[in-house]
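See structure below.
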Amino acid sequence: MLEIKKYNIEGPLLLIPRVFNDDRGYFMESYQKNRYLENGISVDFVQDNESKSARSVLRGLHFQKPPYAQAKLVRVIAGAIFDVAVDIRKSSPTYGKYISAILSDENKHQLFVPEGFAHGFLVLEDNTIVNYKVNAFYNKESEGTLQWNDADLNIDWPTHDVSLSEKDVQASKDFKTFLTPFD
């Protein structure tokens, strides 16, 4: 069984898997293709990625341009993150709006981020391990980054005292001048 929470932005979904707990620990299906198909997620995932980060590391806001656009299924194996998806589909009525969710090893929630969204997360605990599936292979020439703290996006991050990669520091696309590659 898989519980689905929809947002006020069409596309992203919060997935809450059934977890079986007992005195030995827990068991859950972290991914089962038929259950996802039953809930309208017909994405063919081709690669799993994993990162380990310290508290206050912020990764994002990243996306891949078509034809290498990526949908993602994000989950946390250890620790916790504040996860964000920004709608960058120009024809969408929610263009420039975002959704957020807390994903943690305790709640076991997963976030499905479809193509046409910039994605990023802020690490809330030391030694956090994030694992995510993607449906397209990475292509450096198709990489895009938006400023995580863009005033027009106005993302309500839990803190602004963050640690960024050089790539994220160099993100020069402010949302006012951003030309989205997504219709």
> Which one of 161, 168 is in a loop (DSSP other than H, G, I, E, B) and not aliphatic (A, V, I, L, M)?
Replying inline: 161
> Do you know which residues across the range 12-67 are of a type in the set (Phe, Trp, Tyr) and over 30 Å from residue 180 (Cβ atoms)?
Replying inline: 20, 26, 27
> Does residue 73 satisfy being surrounded by 23 or more Cβ atoms within 10 Å (Cβ to Cβ) and in contact with a helix residue (DSSP H, G or I) (Cβ under 9 Å, 6 or more places away or on another chain)?
Replying inline: no
> Which residues, counting only those in the range 77-108, are assigned to a strand (DSSP E or B), β-branched (Val, Ile, Thr) and open to solvent by less than 20 Å² (accessible area, probe 1.4 Å)?
Replying inline: 81, 84, 86, 99
> Which of the following residues is part of a strand (DSSP E or B) and farther than 18 Å from residue 13 by Cβ: 58, 73?
Replying inline: 58
>> Name the single residue that is farthest from residue 72 (Cα to Cα) among those in the range 118-144 being open to solvent by 40 Å² or more (accessible area, probe 1.4 Å) and hydroxyl-bearing (Ser, Thr, Tyr).
In response: 138
>> Looking for something at pLDDT below 95, open to solvent by 50 Å² or more (accessible area, probe 1.4 Å) and hydroxyl-bearing (Ser, Thr, Tyr) - is there at least one such residue anywhere in the range 42-62?
In response: yes
> Can you name the residue in the range 5-41 that is in a loop (DSSP other than H, G, I, E, B) and open to solvent by 90 Å² or more (accessible area, probe 1.4 Å) and is also nearest to residue 68 (Cα to Cα) among such residues?
Replying inline: 10
> Which is over 27 Å from residue 153 (Cα atoms), in contact (Cβ under 8 Å) with a residue 12 or more places away in the chain and assigned to a strand (DSSP E or B), of 44, 48?
Replying inline: 48
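The values are calculated or read from the model by the stated rules, or taken from the named source; none is laboratory data. Every value quoted in this text rests on a predicted model; they were computed, and no experiment measured them. Cβ: placed from backbone, ideal geometry, glycine included. Neighbour counts: every protein chain shown. Accessible surface is based on the protein model in full, side chains and every heavy atom, while ligands, DNA and RNA are left aside. Shrake-Rupley method; radii C 1.70, N 1.55, O 1.52, S 1.80 Å.
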